[in-house]
């Protein structure tokens with residue numbers, strides 16, 4: 001019963017077990033599955049796409065290099081008296097990908113350069129990630 005509820009709620013697929021296995025009672029291995037493994041699978045499977053994005057390589061780069069100033073959702077914030085612009089409004093949304101790449105690589109206007117910290121491929125991945133963040137304006 002519980003298994004079916006989790007399955008339908010999170011789209012999990014469980015192996016079919018024979019009916020007699022289910023009726024024998026719970027042994028220690030089954031208890032371990034129910035108390036540790038099943039909740040881990042359920043919680044891991046029911047996370048938002050935002051969390052999935054943050055686990056991607058580009059999302060991890062964003063968390064490591066961008067969140068401190070631009071915020072988890074790219075909303076911008078104030079750091080040491082300096083207003084850091086949002087990545088969801090203004091120039092960040094109208095600048096071309098090339099302009100955004102140059103800004104990340106070279107910095108400027110208060111932003112440090114990242115060209116010695118991340119590769120050009122990582123910069124490209126960050127630009128694509130930021131474009132996805134911009135699509136989630138409600139976050």
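The values are calculated or read from the model by the stated rules, or taken from the named source; none is laboratory data. As the structure is a computational prediction, the values presented were derived from the model and not from experiment. Positions of Cβ are backbone-derived with ideal geometry, glycine not excepted, and every protein chain shown enters the neighbour counts.
For this structure, a couple of remarks:
- Residue count for segment 87-127, restricted to those that are under 15 Å from residue 67 (Cβ atoms), touching a strand residue (DSSP E or B) at 6+ places or on another chain (Cβ under 9 Å) and part of a loop (DSSP other than H, G, I, E, B): 0.
- Hits in segment 102-113 (condition: surrounded by 14 or more Cβ atoms within 10 Å (Cβ to Cβ), at pLDDT 95 or above and either more than 19 Å from residue 57 (Cβ to Cβ) or under 21 Å from the mean Cα position of the chain (by Cα) (or both)): 102, 103, 104
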